[in-house]
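Below is one structure; the comments refer to it alone.
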């Protein structure tokens with residue numbers, strides 16, 4: 001009976017973790033470039049239960065196999081859905097969206113002052129007074145040579161589908177659009193950044209850069225709400241199982257052992 005309590009408890013913990021992921025998706029439904037997350041459920045490995053040092057059956061064996069015990073469920077893995085989100089028109093030259101696969105390269109500096117290259121689909125860029133192209137966090141956008149992009153902030157610009165920035169019909173820079181052979185080697189950092197881990201391989205991006213557009217989050221609010229209802233019901237089901245076990249244990253403790261007068 002107590003094994004059933006543990007199994008129901010693992011189910012509640014699993015649904016709670018799934019709910020955390022769903023609520024984070026909903027909280028970022030309007031975040032530019034956000035990619036929703038999901039999770040899979042996986043049973044714990046079956047455990048062979050054994051009777052140890054029990055000679056009640058008259059068997060000389062000290063260890064006797066009983067049965068396989070399945071001790072519940074857990075989160076198998078978390079994953080990121082990289083499907084493209086919808087586009088929103090802004091008519092701002094430096095608002096960029098990637099139509100196809102790929103990421104913008106960003107020079108990221110952490111709180112310790114360490115610099116690394118991050119990748120993102122969020123193309124909400126602006127120019128500083130010095131003419132540096134930065135994102136909304138103030139991190140520098142990189143060109144195809146992994147250098148910061150600096151242009152004349154007083155001149156009008158246009159950006160073509162290859163990410164080339166033109167001023168007065170002169171090519172001044174090209175925005176880097178990088179892609180990876182396998183997205184399993186990308187680790188999510190924060191809400192919209194991704195960083196490559198060991199084994200990641202850069203490839204040529206097959207995509208167009210759209211100036212005056214932004215890619216929104218690929219979160220479907222209705223679908224997420226339906227999933228949340230399903231998770232809530234599964235959580236409540238496991239809760240009722242625990243309550244049923246609790247009632248049975250109470251009867252066993254308080255009534256079955258009572259001596260009838």
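Each row is one residue, and each column tells you yes or no for (1) in contact with a strand residue (DSSP E or B) (Cβ under 6 Å, 6 or more places away or on another chain); (2) on the phi < 0 side of the Ramachandran plot.
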residue: 121; (1), (2): yes, yes
residue: 131; (1), (2): yes, no
residue: 137; (1), (2): no, yes
residue: 144; (1), (2): yes, yes
residue: 147; (1), (2): no, yes
residue: 151; (1), (2): yes, yes
residue: 154; (1), (2): no, yes
residue: 158; (1), (2): yes, yes
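Residues in segment 1-36 that are in contact with a helix residue (DSSP H, G or I) (Cβ under 7 Å, 6 or more places away or on another chain), under 18 Å from residue 79 (Cα atoms) and not in a helix (DSSP H, G or I): 29, 36.
Let's see how each residue does on (1) surrounded by 12 or more Cβ atoms within 10 Å (Cβ to Cβ); (2) outside any helix (DSSP H, G or I); (3) at pLDDT below 95; (4) not assigned by TED's automatic domain parsing to the domain that holds residue 15:
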site: 174; (1), (2), (3), (4): yes, yes, no, yes
site: 178; (1), (2), (3), (4): yes, yes, no, yes
site: 199; (1), (2), (3), (4): no, yes, yes, yes
site: 240; (1), (2), (3), (4): no, no, yes, no
site: 247; (1), (2), (3), (4): no, no, yes, no
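In segment 182-191 there is no residue that is more than 21 Å from residue 37 (Cα to Cα), in the same structural domain as residue 109 (by TED's automatic domain parsing) and within 20 Å of the chain's Cα centre (by Cα). Looking across segment 204-229 at every residue that is surrounded by fewer than 13 Cβ atoms within 10 Å (Cβ to Cβ) and at pLDDT 90 or above, the one that is nearest to residue 122 (Cα to Cα) is identified as 221.
Here is a yes/no grid of residues against (1) at pLDDT 70 or above; (2) farther than 30 Å from residue 95 by Cα:
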position	(1), (2)
37	yes, no
42	yes, yes
47	no, yes
51	no, yes
58	no, yes
64	no, yes
73	yes, yes
76	yes, yes
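The values are calculated or read from the model by the stated rules, or taken from the named source; none is laboratory data. Keep in mind that this is a model prediction, so the values were computed, not measured. Virtual Cβ from ideal backbone geometry, glycine too; neighbours counted across all protein chains shown.
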